[in-house]
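The values are calculated or read from the model by the stated rules, or taken from the named source; none is laboratory data. These numbers come from a predicted model, not from an experiment. Here Cβ is always computed from backbone atoms with ideal geometry, including for glycine, and neighbour counts include all displayed protein chains.
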Amino acid sequence: MCLTIPAQVRKVQGDKIFVEQSDRKIIEIWNPDPDRKVKIKSGDWVLYFNGFFQQKIEENDAHEILDMLGMMLDEQNPEVSPKFKKTIDKARHGDLKRKDIIYLLNSNGSEKEFLLSQANELRKKYIKEFICIHGIIEFSNHCQNDCFYCGLRADNSKLTRYRMDTNEIIETAKKAVKERGYKLLVLQSGEDYFYTDKMLAEIVSGIKKECRVFIFISIGERDIETYRKLKKAGASGVLIRFETSNPILFKKMHPYGKDHERRLETIKSLKGLGYFVASGSISGLPGQTVRDLADDLLTIKELKVNMISMGPFVSCDNTPLAKNKSGDIDMSLKMISVARFLMPKVRIPVVTALETLDPKRGRKRAFEAGANALMINLTPKEHRRKYKIYPGRFFEKEGSIFERYGLNLTDESYKMLEKRIREEIQ
Ligand code: 5AD
């Protein structure tokens, strides 16, 4: 479920292992295996959690993970103006005002790099031990809405639609958990009322009956009663974005039916129901200003979301915004960094939209800007391409380094997540 950060062994003394962490501190961990079946010696690379040795890891893989997570980067001290330094200091003390956020979001060159690296330092400070890996299953691309940016919009007659039935959804989830070790799954669809409350509850409880996994739902803005029933059925979290904090822009993007205030109210009610709530906005929508983006970040903080889901707009064919430019990657990275300052401990996954716009470096850049989680697409291959909220979506190959070392089949990692989710909901 979670990838712990590799460390190098410096000394072994019986069941004690002394390892050097990426911050160069040496700590003592314990090998719980009395027979010491795995031979560990100085110079080896290991993964550990909570003071316990977990497994050995190949040196190359350890370096790849540390590099990907920006763990080896040292604090940078590039040339930045006194005003910029002062604003970063304010950020460290958690008192950024809207005008400061606008100033940070407008940064470029060495000041932008300084912002990202400082957010990375903060992430490393608070999230020493691991980053979390979540899976997402997109079970239906039918949608009754007509959001201007989204390829699933009802009006898009060019899209081939699909729905997975209850059994297929449960089986897909079961495989992800039992064969690949996922401990947290997001079930996502368009706003599709084909699935009644009863069906959705059966899907959630069906999965919970079969396997130990946390279920997050992302099914659009449905009635609060639906969410109440799904909580009872065993769902733990909801992913629902407010898309933009600007009510006028919201209206422009959702001229039919959707109401900005109602969306925010729904998100607040979900927190009230005890859900772990993931929310955020899209950056780079036509007509959106930097001030809007600053307000998005302040809204995220005000809503006290447990996980931030925000990413760049990706232009999609067969939508009213087909001719508009996609969002700016650097702006998305700056958004992550400012969010990290506003909420130092919050979970910020690297979103697919960012990886799609920069498939080679997007993930690494997002980690280095302060992100600390991954969302891996587990939608069955035959449906995947049809979940086209935008084109060219990035997909992770099965068996990546994150899956190999970040997911394990032990109960321990479920318990560790349970503890965290409980803490984070409070
Ligand atoms: N670009 C970026 N994000 C998009 N979404 C939908 N369409 C796009 C697009 N073209 C996001 C919305 C939605 C989430 C599931 O996907 O924010 O809430």
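Kindly provide the set of residues from the stretch 219-240 that are in contact with a strand residue (DSSP E or B) (Cβ under 8 Å, 6 or more places away or on another chain) and either over 21 Å from R153 (Cβ atoms) or among the charged types (D, E, K, R) (or both), ordered by number.
Y227, L230, G234, A235, S236, G237, V238
For the stretch 296-344, how many residues meet the condition of being assigned to a loop (DSSP other than H, G, I, E, B) and either among the small types (G, A, S) or more than 14 Å from the ligand (Cβ to nearest atom) (or both)?
Final tally of qualifying residues: 9.
Among the residues of the stretch 3-60 satisfying the criterion of being in contact (Cβ under 8 Å) with a residue 12 or more places away in the chain and at positive phi, which is farthest from the chain's Cα centre (by Cα)?
Step by step, filter the stretch 3-60, then rank; the result is R36.
May I ask you to list the residues in the stretch 179-205 that are under 25 Å from the mean Cα position of the chain (by Cα) and not hydrophobic (A, V, I, L, M, F, W, C)?
Matches in the stretch 179-205: E179, R180, G181, Y182, K183, Q188, S189, G190, E191, D192, S205.
Go through (1) at pLDDT below 90; (2) under 30 Å from I136 (Cα atoms); (3) of a type outside the set (G, A, S) and name the single condition Q21 misses.
That leaves (2) as the condition not met.
Assess whether D292 counts as being within 18 Å of V351 (Cβ to Cβ), assigned to a helix (DSSP H, G or I) and within 16 Å of the ligand (Cβ to nearest atom).
Here the answer is no, as D292 does not meet what is asked.
Suppose the filter is over 26 Å from S269 (Cα atoms), within 16 Å of the ligand (Cβ to nearest atom), among the charged types (D, E, K, R) and at pLDDT 95 or above; does K175 pass it?
Taking the combined requirement at face value, the residue does not satisfy it.
Would you pick out the residues in the stretch 113-169 that are within 12 Å of the ligand (Cβ to nearest atom) and under 24 Å from L374 (Cα atoms)?
I136, E138, N141, Y149, C150, G151, L152 - these are the residues of the stretch 113-169 that are within 12 Å of the ligand (Cβ to nearest atom) and under 24 Å from L374 (Cα atoms).
Which of (1) in contact with a Ser or Thr (Cβ under 9 Å, 6 or more places away or on another chain); (2) farther than 28 Å from L357 by Cα; (3) within 14 Å of the ligand (Cβ to nearest atom) does Y275 not meet, given it meets every other one?
Here Y275 meets the rest and fails (3).
Scan the stretch 246-265 for residues that are outside any loop (DSSP other than H, G, I, E, B) and either over 23 Å from the mean Cα position of the chain (by Cα) or within 13 Å of the ligand (Cβ to nearest atom) (or both) and report the count.
11
Quickly run through the stretch 301-319 and pick out the residues that are more than 14 Å from the chain's Cα centre (by Cα) and either over 20 Å from F242 (Cβ atoms) or crowded, with 20+ Cβ neighbours inside 10 Å (or both).
F313, V314, S315, C316, D317, N318, T319
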